[in-house]
Amino acid sequence: MKIALMDSGIGLLPAAAAVRRLRPDADIVLSLDPAGMPWGLRTLEDLTERALAVAEAAAAQRPDALIVGCNTATVHALTALRARLEPELPVIGTVPAIKPAAAGGGPLAIWATPATTGSPYQRGLIRNFAEGVQVTEVPCRGLAEAVEHADETAIDAAIAAAAALTPDEVTTVVLGCTHYELVAERIRTAVQQPGRPPLVLHGSAGAVVAQTLRRLGAHPAPEAPADGTLTALLNGTASPLPAAALAYEEGRLLQAATPVR
């Protein structure tokens, strides 16, 4: 089994690490667009064009499925990606985990990029799955870019700014950008209020990988032989993992378990 993941940058690492944990026998292809990152600042037409190019580079590796490991690309380009690649290649998007978060009753906050915050897509998810729940949409300016470059000072500043926009009574935070899952515990520390119940964080990596396996008719097999390969494509060219990826546990896991070919 070969599973490809695409994103503008290293936000795909949490889902890729989940693939490796659940199916250590799966070959993994990572297709990134470092020359175009961040996608959230681009026009819809430009973002879609870049997403298609990254997806086609991944598709050339003949994977069995393609995970769009980016909330912004899913919101704005999933329809175009599916029109181009399906039914030959199943394309699985990544959406903010609003439905399971809202099931807890809230109040909840959705941390997302400015491009996703307030988008019709996200507003639709809130309307469909969080009716009657107090929801605060928090635009996290600069956080994805800071995580992408493993810039510790910028990460701290962006998290602090977003935490200041998050109401004190929030009990749950939806990590509405895949990059944010790489700094989840730092977000928890910034938002957790003294004397309040432990903050609940909802990411998307586990759910999107589970959905991918279902689409393939496969099952988790964490005990399978750890013989899956790892291929990284940076703007279509086979390359080592970006250095910033190794600043995070997920990147180190992938590098240690399956050195990049």
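The values are calculated or read from the model by the stated rules, or taken from the named source; none is laboratory data. Keep in mind that this is a model prediction, so the values were computed, not measured. Here the Cβ is made from the backbone with ideal geometry for all residues, glycine too, and neighbour counts use every protein chain on show. The accessibility values were calculated without ligands, DNA or RNA, using every heavy atom of the protein model including side chains. Shrake-Rupley method; radii C 1.70, N 1.55, O 1.52, S 1.80 Å.
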Within the range 139-159, the residues that are open to solvent by less than 30 Å² (accessible area, probe 1.4 Å), within 18 Å of P34 (Cβ to Cβ), among the small types (G, A, S) and assigned to a helix (DSSP H, G or I) are A144, A146
When the range 2-29 is checked residue by residue, the ones that are closer than 15 Å to T212 by Cα, part of a strand (DSSP E or B) and open to solvent by less than 10 Å² (accessible area, probe 1.4 Å) are I3, A4, L5, M6, I28, V29
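Tell me, please, whether a residue that is in contact with an Asp or Glu (Cβ under 6 Å, 6 or more places away or on another chain) and in contact (Cβ under 8 Å) with a residue 12 or more places away in the chain can be found in the range 162-175. Explain how you work it out, then say what you get.
Taking the range 162-175 as the starting set, the residues that turn out to be in contact with an Asp or Glu (Cβ under 6 Å, 6 or more places away or on another chain) are 175.
Remaining after also requiring in contact (Cβ under 8 Å) with a residue 12 or more places away in the chain: 175.
Among the residues of the range 162-175, at least one is in contact with an Asp or Glu (Cβ under 6 Å, 6 or more places away or on another chain) and in contact (Cβ under 8 Å) with a residue 12 or more places away in the chain, which makes the answer yes.
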Flagged in the range 172-198 as more than 18 Å from the chain's Cα centre (by Cα) and at pLDDT below 95, in numbering order, are Q193, P194, G195, R196, P197, P198
Of all residues in the range 158-200, how many are of a type outside the set (D, E, K, R), touching a Leu at 6+ places or on another chain (Cβ under 9 Å) and under 20 Å from T113 (Cβ atoms)?
-> 18
Of (1) surrounded by fewer than 20 Cβ atoms within 10 Å (Cβ to Cβ); (2) at pLDDT 95 or above; (3) in contact with a strand residue (DSSP E or B) (Cβ under 7 Å, 6 or more places away or on another chain), R261 satisfies every one except (2)
Within the range 108-123, residues surrounded by fewer than 16 Cβ atoms within 10 Å (Cβ to Cβ) and at pLDDT 90 or above come out as R123
A245 fails exactly one of (1) open to solvent by less than 70 Å² (accessible area, probe 1.4 Å); (2) touching a Ser or Thr at 6+ places or on another chain (Cβ under 9 Å), namely (2)
If you check every pair at least six apart or on different chains, which have Cβ atoms under 6 Å apart with a residue in the range 187-212 that is among the hydroxyl-bearing types (S, T, Y) first and a residue that is open to solvent by less than 60 Å² (accessible area, probe 1.4 Å) second?
-> S204/T94; S204/A97; T212/A65; T212/I67; T212/I92
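Could you please find all residues in the range 94-130 being of a type outside the set (S, T, N, Q), in a loop (DSSP other than H, G, I, E, B) and either touching a residue at least 60 places away in the same chain (Cβ under 8 Å) or closer than 16 Å to T172 by Cβ (or both)? Before you say what the answer is, go through the steps one by one.
So the first thing to find is which residues in the range 94-130 are of a type outside the set (S, T, N, Q), and the list is 95-112, 114-115, 118, 120-121, 123-127, 129-130.
Filter again for in a loop (DSSP other than H, G, I, E, B), leaving 95-97, 104-107, 114-115, 118, 130.
V95, P96, A97, G104, G105, G106, P107, P114, A115, A130, listed by residue number.
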